[in-house]
Amino acid sequence: MKSAIYSLVVFCIVGPFIGAIIVAGVVGKLPFGILFFAYAMGLIPAAASCLINWILFLSLKNKLKIPNYLMGVANGLILLVALTILTGFPNHLDSGVVLLLIFTVPSAICSSIVNSYASKRIHS
């Protein structure tokens, strides 16, 4: 239970922050102005990403030896496909590339942090 709460906290704090940095880099602004928007729009996807990460981690940890960051990329792609199915693909290619980065990079980083922590707790 402690690992699940830790995971949710990491995904919901770190994920939107990294997403804000990505958007700020594309837009050319400082990430501080985008942080409120990033957390307002990113908490639900971050929580969903955390859930998908746990499903992938628990189902694949003993079957496949894949790096934690690749599990995070897969996690982000699952969410992006779900978003695309629900809302359609963006009109501009730039926004599609930004969405790809926003969904995969934070998920990869958060999955690396969370899964390495969970693996240590399981093996100790």
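This table checks each residue for (1) of a type in the set (Gly, Ala, Ser); (2) modelled with pLDDT under 90; (3) over 13 Å from the mean Cα position of the chain (by Cα).
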| position | (1), (2), (3) |
| --- | --- |
| Gly15 | yes, no, no |
| Val26 | no, yes, yes |
| Pro31 | no, yes, yes |
| Leu51 | no, no, no |
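Residue check: is Ile5 closer than 18 Å to Ser119 by Cα and open to solvent by 40 Å² or more (accessible area, probe 1.4 Å)? Taking the combined requirement at face value, the residue satisfies it.
Looking across the range 86-124, the residues that are modelled with pLDDT of 90 or more and among the β-branched types (Val, Ile, Thr) come down to Ile102, Thr104, Val105, Ile109, Ile113, Val114.
The values are calculated or read from the model by the stated rules, or taken from the named source; none is laboratory data. On a predicted model such as this, the values are computed, not experimentally measured, just so you know. Side chains included, ligands, DNA and RNA excluded: accessible areas come from the protein's heavy atoms. Shrake-Rupley method; radii C 1.70, N 1.55, O 1.52, S 1.80 Å.
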